[in-house]
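For reference, the structure is listed below as structure tokens.
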Amino acid sequence: MPDPQSKRPGGTDAPACDFDAVIVGAGFAGLYSLRRLRSMGLSARVFEIGSGVGGTWFWNRYPGARCDVESMEYSYQFDDALQQEWEWTERYATQPEILRYLNHVADRFDLRRDIRFDTRVTAATFDEAAGQWTVETDDGARVTATHCIMASGCLSARNIPDFKGIDSFAGATYHTGDWPEEEVDFSGRRVGIIGTGSSAIQCIPLIAEQADRLFVFQRTPNYSIPAFNAPLDPEVQKAVKADYAGLRARARRNRSGIDFTVGESGVFDVAPEERDAVYEERWQTCGIGFLGAFSDLFATAEANDTAAEFVRSKIRETVHDPAVAELLSPHYHIGCKRTCVDTDYYATYNRDNVTLVDVSETPIGEITRSGLKVGERDYEFDTLIFATGFDAMTGPLTRIDIRGIGGRSLAEKWKGGPRSLLGVATAGFPNLHIIAGPGSPSVLSNMVQSIEQNVEWIADCIGYMRENGFACVEATVEAEDAWVAHVNEVADATLYTKTKSWYIGSNIPGKAPVFMPYIGFPDYVRKCDEVVAKGYAGFAFVEHSDAPEVLDDSKPGREAARTARLRRAR
Ligand code: FAD
Ligand code: NAP
């Protein structure tokens, strides 16, 4: 599918390529990347597996799916007219509403004409001589581009555990992250659901209302804070819009990139009654902002446990059967696995038609024709839901055969854990730009805000390359090593690394136990800005082949060697 707008990435003597950039994915990240590159006069082709835009919000159509960052914040800020004109209807928008919003964005900026739907990128190979990427898709097509932008998501590679007998189940099966477009009616059905993460916690109450019987197979209980979702008061919306910039600026100052205040006191600076009052107020009003109650909740186990115990006391208050309440009570550090936000989750276990099955000690042994087996016990149902999550952060990238300099595979490079500079680049893979990659705040922040920051940073870097006549950019090994060490150092000072979670890959057998996201949105932005202020310190550039020499040869050591190698490779 060659495009008329052919480009010459390596200079006039380099082979022409089809696009300035290929973008993988048409969610929040892919749509904004396309918009941004177009505004710079660049050509781009987006590939998307799904048949429509939306990414997460295209795929996760399960009952109850909605954001848990408030709607007014979980939205783009790059275009003020867009944020002024869109009217959110609820405090936490539902999946259909967010999908409508993203379709509106695609139409408003006329994005669809550059997107190929129903097309999976299977491979991307860097051609060192030409300084360009060749991208292959599952329809057998190949396109070339100077830049390859991975907007493939953090939570788009579904995880279905390799249960024995998985194909033998005779009834209907669903994964929450690949839910059909048509409504699934559970009336009169017996349903089994595996998993109790955020997705399960959102859909369980609604499925329980419809189904005859619901069996919930729980390996680890989760902390969940009530959403107190409600229609958005038009006056509140108006007030936010009157100073949207103020809201966004406040959010950017917080570690999570979300506008909630973080208490200045430490947990033990206040008396126990005062502490509980603070927790109660946050519980009633803040959703995920509950975790900002005190300054040291992520610093020490003792401080953290006061918040954890507060939530456990709420579970005991809500769930009538003490044995079930105990099973539902988590005992890991609160906040260190993704905290959930729910509507009526714990109370659902008071229903007669809901059974909680603990599979922590005795795991699911086998999926059978009529249900599943835990130990000697058979559970029978006619619909099975996998709410088993994702191969997070790295999965969407390593499932594509990405090959950089010397044919080296990204999956191979990241076998021991992902390595990146700022999450946006990885050494040995020139002009491969990753949005919300491992090593960036991504999943520990309001992701829309982090995505916009990454898209803008990457677009600016591409702009800088064009202004300076550079054909290729690549993270240096030294800078990448230093960034990985910094990401780990920041994480190690918290309780995050002391808790098994998908943040450290614990949900995928054999995945290297490496903490992937960067903690702290404001610090991250500062670091990104510093890199730019120092002339893209830590990145090596290669000039177009028709230019006399590489500009940053002055860099010492391996960086210069890499620059020289890249120049030779041209
Ligand atoms: P995605 O939306 O995941 O889009 C990536 C796209 O890339 C997908 O459509 C996928 O099909 C496509 N793709 C992947 N690989 C390929 C390939 N090889 N070829 C072609 N296309 C490919 N974050 C928050 O901050 N707040 C929330 O409240 C929140 N709620 C969430 C609720 C759910 C149910 C889930 C699963 C995640 C939630 N998240 C939330 C995280 C959410 O993923 C991000 O907020 C955001 O939507 C990610 O956008 P994205 O464009 O980076 O990735
Ligand atoms: P998840 O949080 O990873 O939960 C997966 C669940 O499946 C866990 O309970 C896990 O148990 C269980 N599981 C996995 N393998 C299992 C096995 N072999 N046997 C038994 N149980 C097994 O996935 P998710 O719920 O889809 O959420 C993923 C992320 O998406 C969230 O953390 C969040 O970032 C985002 N999300 C957000 C919202 C929102 O509220 N806005 C909603 C949905 C998703 P273990 O915990 O023991 O591994």
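Does segment 411-419 contain any residue that is under 19 Å from ILE458 (Cα atoms) and touching an Asp or Glu at 6+ places or on another chain (Cβ under 7 Å)?
yes
Based on this model, can you work out whether THR355 counts as of a type in the set (Val, Ile, Thr) and in contact with a helix residue (DSSP H, G or I) (Cβ under 7 Å, 6 or more places away or on another chain)?
Considered against the rule, which asks whether it is of a type in the set (Val, Ile, Thr) and in contact with a helix residue (DSSP H, G or I) (Cβ under 7 Å, 6 or more places away or on another chain), THR355 comes out as no.
Just give me the residues in segment 341-359 being charged (D, E, K, R) and in contact (Cβ under 8 Å) with a residue 40 or more places away in the chain, in sequence order.
Passing the criteria: ASP342, ASP344, ARG351, ASP358.
Kindly indicate whether ALA14 is of a type in the set (Gly, Ala, Ser), at pLDDT 95 or above and more than 20 Å from ASP138 (Cα to Cα).
In short, no.
Taking THR56 as the residue in question, decide whether it is modelled with pLDDT of 95 or more, farther than 18 Å from GLU181 by Cβ and either in contact with a Gly (Cβ under 6 Å, 6 or more places away or on another chain) or not basic (Lys, Arg) (or both).
Considered against the rule, which asks whether it is modelled with pLDDT of 95 or more, farther than 18 Å from GLU181 by Cβ and either in contact with a Gly (Cβ under 6 Å, 6 or more places away or on another chain) or not basic (Lys, Arg) (or both), THR56 comes out as no.
Would you point out which residue out of GLU136, GLU182 is of a type in the set (D, E, K, R), part of a strand (DSSP E or B) and more than 16 Å from ligand 2 (Cβ to nearest atom)? It would help to see each step written out before you state the result.
Working: GLU182 fails: part of a strand (DSSP E or B).
That would be GLU136, the only listed residue that is of a type in the set (D, E, K, R), part of a strand (DSSP E or B) and more than 16 Å from ligand 2 (Cβ to nearest atom).
Please give the helices (runs of 4 or more DSSP H) falling wholly within segment 241-340 in which 2 or more residues are crowded, with 19+ Cβ neighbours inside 10 Å, in contact (Cβ under 8 Å) with a residue 12 or more places away in the chain and in the same structural domain as ASP80 (by TED's automatic domain parsing).
none
When you go through THR306, THR355, THR339, THR362 one by one, which is the residue that is over 19 Å from ASN222 (Cβ atoms) and either modelled with pLDDT of 95 or more or under 28 Å from the mean Cα position of the chain (by Cα) (or both)?
Answer to the selection: THR362.
Consider ALA411 carefully, then state whether it is under 23 Å from SER506 (Cα atoms) and within 16 Å of ligand 2 (Cβ to nearest atom).
The answer is no for ALA411.
Against the definition (over 26 Å from the mean Cα position of the chain (by Cα), within 16 Å of ligand 2 (Cβ to nearest atom) and either of a type in the set (D, E, K, R) or not assigned by TED's automatic domain parsing to the domain that holds ASN454 (or both)), how does GLY177 come out, yes or no? Reasoning before the result, please.
Numbers: over 26 Å from the mean Cα position of the chain (by Cα): no; within 16 Å of ligand 2 (Cβ to nearest atom): yes; either of a type in the set (D, E, K, R) or not assigned by TED's automatic domain parsing to the domain that holds ASN454 (or both): yes.
Spelling it out, it is not the case that GLY177 is over 26 Å from the mean Cα position of the chain (by Cα), within 16 Å of ligand 2 (Cβ to nearest atom) and either of a type in the set (D, E, K, R) or not assigned by TED's automatic domain parsing to the domain that holds ASN454 (or both).
What's the number of the only condition in (1) over 30 Å from GLU87 (Cβ atoms); (2) in a loop (DSSP other than H, G, I, E, B); (3) away from ligand 1 (no atom under 16 Å from the Cβ) that ASN222 fails to meet?
Evaluating ASN222 over (1) over 30 Å from GLU87 (Cβ atoms); (2) in a loop (DSSP other than H, G, I, E, B); (3) away from ligand 1 (no atom under 16 Å from the Cβ) leaves (3) as the failure.
Got at least one residue in segment 24-45 being within 19 Å of PRO396 (Cα to Cα), more than 16 Å from the chain's Cα centre (by Cα), outside any helix (DSSP H, G or I) and at pLDDT 95 or above?
yes
The values are calculated or read from the model by the stated rules, or taken from the named source; none is laboratory data. Since the model is a prediction, treat every value here as computed from it, not as a measurement. Please note: Cβ atoms are built from the backbone with ideal geometry, for glycine as well, and neighbour counts cover all protein chains shown.
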